[in-house]
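K.L.:
The structure is given below, and queries will be raised subsequently.
Only the coordinates and a few stated rules stand behind these numbers; no lab work does. Since the model is a prediction, treat every value here as computed from it, not as a measurement. We place every Cβ from the backbone using ideal geometry, glycine too, and count neighbours over all the protein chains shown.
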Amino acid sequence: MSLRLRHLWLALALWGAVHPMIWLVTWLSQTGWSLRGMVDAWFGNAAVTGLTWDLLISALVLVLWILAEVAVRRNWGALWAIPATCLIGVSCGLPLYLWFRSRPV
C-alpha cells in the first residue's frame, strides 16, 4: 500500500475527529450541555432519525469488522479505532482503522 494513501487515511481520521466536533461543540454551547437534549436532537425529525440510525448501524458494523480482523491479523493497535468510533464517530474511526490496517507487515 502506498505511503501516500496511508498518510491520507491519517489525515482523514484527524479531519473526521475535528470537523464534526466543531459542529457538536457549537451546538452544545448554543443549546446547553445536556446529554438528554442531544439525544432528543438525534431523533428530532424523520431525516435526522434516519441519519442517526445510519451512523449507529455503521458504527456497529465497523466495530464488528475491527474485532473480526484483529482476531485474525493480531494487529492489536488497531483496537484503538473502536473507542475512536464510539466516542468520536465513524468519520474518525473508519479512516483510523484503515491507517492501522495499512501498516507495513
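K.L.:
Send over the Kirkwood Rh of the chain, from the inverse of the averaged 1/r over different Cα pairs, rounded to one decimal Å.
P.N.:
On the way: mean 1/r = 0.0670 Å⁻¹.
Kirkwood radius, the chain: 14.9 Å.
K.L.:
Another question about this same structure. Shape verdict for the range 31-87, please, from the Cα gyration tensor: rounded (a/c under 1.5), prolate (a/b greater than b/c) or oblate.
P.N.:
On the way: a/c = 5.77, a/b = 2.19, b/c = 2.63.
The shape class here is oblate.
K.L.:
Which value, in debye to the nearest 20, describes the size of the charge dipole of the range 3-101 about its Cα centre when Lys and Arg Cβ atoms bear +1, Asp and Glu Cβ atoms bear -1, and nothing else is charged?
P.N.:
On the way: 6 positive and 3 negative charges, 86 e Å.
Using Cβ point charges on Lys, Arg, Asp and Glu, the range 3-101 gives about 420 debye.
K.L.:
Evaluate the Kirkwood expression for the hydrodynamic radius of the range 55-105, namely the inverse of the mean inverse distance over all pairs of different C-alpha atoms, and round to one decimal in Å.
P.N.:
By the Kirkwood definition, the hydrodynamic radius is 10.6 Å.
K.L.:
Under a Cβ-Cβ cut-off of 15 Å, what is the net charge of the residues other than Trp99 that fall near it, where Lys and Arg count +1 and Asp and Glu count -1? Walk me through the numbers on the way to the answer.
P.N.:
Details: positive: Arg4, Arg6, Arg73, Arg101, Arg103; negative: Glu69.
The answer is +4.
K.L.:
Let me have the relative contact order for the chain, percent, based on Cα pairs under 8 Å that are six or more residues apart. Walk me through the intermediate numbers first.
P.N.:
Values: 85 pairs, mean separation 43.3, N = 105.
It rounds to 41 percent for the chain.
K.L.:
Net charge near Asn75: determine it from the other residues with C-beta under 13 Å of the C-beta of Asn75, scoring Lys and Arg +1 and Asp and Glu -1. List each step's numbers first, then the result.
P.N.:
Working: positive: Arg73, Arg74, Arg101, Arg103; negative: Glu69.
Every neighbour counted, the sum reads +3.
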